[in-house]
Amino acid sequence: MELRRSIFIAIALVVALTSQAQQNVQFDLDYNIDFPAGSSFRSLVTQPAYKGFTAGFAYAFTNQLSAGLSIGYNDYYQKFPRQVYSNGPGSDISAVITNSIQQAPLLATIEYSFLKKGMIRPYVGGGAGVNFIAFDQYAGEFDNPVNYAKFALRGQAGVLIPLSRGSSTAIRVGASYNYAPLKEQGITNLNNWGVHAGIRLPL
């Protein structure tokens, strides 16, 4: 519930900050598939998060450079087979462990396209901001949900494919790497990399 509230607040903030400057404003909406990176995150989940998206508004200073705000979301879930866990002599527990992790990074972003025009326009981008995290680990019927707000960084690269010559509406395809530190409960980070595809619309 706390993570959903944070997402709604973040989306409202993004919309409010861009509503006063419609000229040269663009809207991006991408579907993401994200993969856990590093031994710390992969000790919790090894499967990709298929429930992911990124939405953002940006102001285009030129037809190559833009800056704005984005909000993303991914949902990792994995159930492990029943095992015996030991916390010391005489404290063995047989349980099915399930890990559920959701991340919603709110980032200030910048993007640069290498070409002013063309049917395929490569771009690179980056972002920095706050990562809202919901982490829940179930041991059988028992769970311990916790929420965090941590620093986050993102780097990405891809291509823009305009739908027609001279059009500002374009298909976006690319990949990203997300740096998501989290030094809690023996976890050092929730870093992940992903692929995305979506659309860019001028407003």
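Here are the numbers for the structure shown:
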read-out: Residues that are in contact with a Gly (Cβ under 7 Å, 6 or more places away or on another chain) and over 9 Å from Gln64 (Cα atoms), drawn from the range 98-123; value: Ala104, Pro105, Leu106, Leu107, Ala108, Thr109, Ile110
read-out: Selected residue [within 21 Å of Ala134 (Cα to Cα), exposed (fewer than 15 other Cβ atoms within 10 Å of the Cβ), at pLDDT below 85 and basic (Lys, Arg)] from Arg5, Arg42; value: Arg5
read-out: Residue match in the range 56-64 (condition: part of a loop (DSSP other than H, G, I, E, B), of a type in the set (Ser, Thr, Tyr) and either in contact with a strand residue (DSSP E or B) (Cβ under 6 Å, 6 or more places away or on another chain) or at pLDDT below 60 (or both)); value: no
read-out: Complete set of residues in the range 180-195 that are part of a strand (DSSP E or B) and more than 10 Å from the chain's Cα centre (by Cα); value: Pro181, Leu182, Lys183, Glu184, Ile187, Thr188, Asn189, Val195
read-out: Within the range 121-144, considering residues that are part of a loop (DSSP other than H, G, I, E, B) and loosely packed, with under 12 Cβ neighbours inside 10 Å, the one farthest from the chain's Cα centre (by Cα); value: Glu141
read-out: Selected residue (criterion: surrounded by the most Cβ atoms within 10 Å (Cβ to Cβ)) from residues of the range 145-168 that are touching a strand residue (DSSP E or B) at 6+ places or on another chain (Cβ under 6 Å) and not in a strand (DSSP E or B); value: Ser168
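The values are calculated or read from the model by the stated rules, or taken from the named source; none is laboratory data. Note that the structure is a prediction, hence the values are computed from the model and not measured. Please note: Cβ atoms are built from the backbone with ideal geometry, for glycine as well, and neighbour counts cover all protein chains shown.
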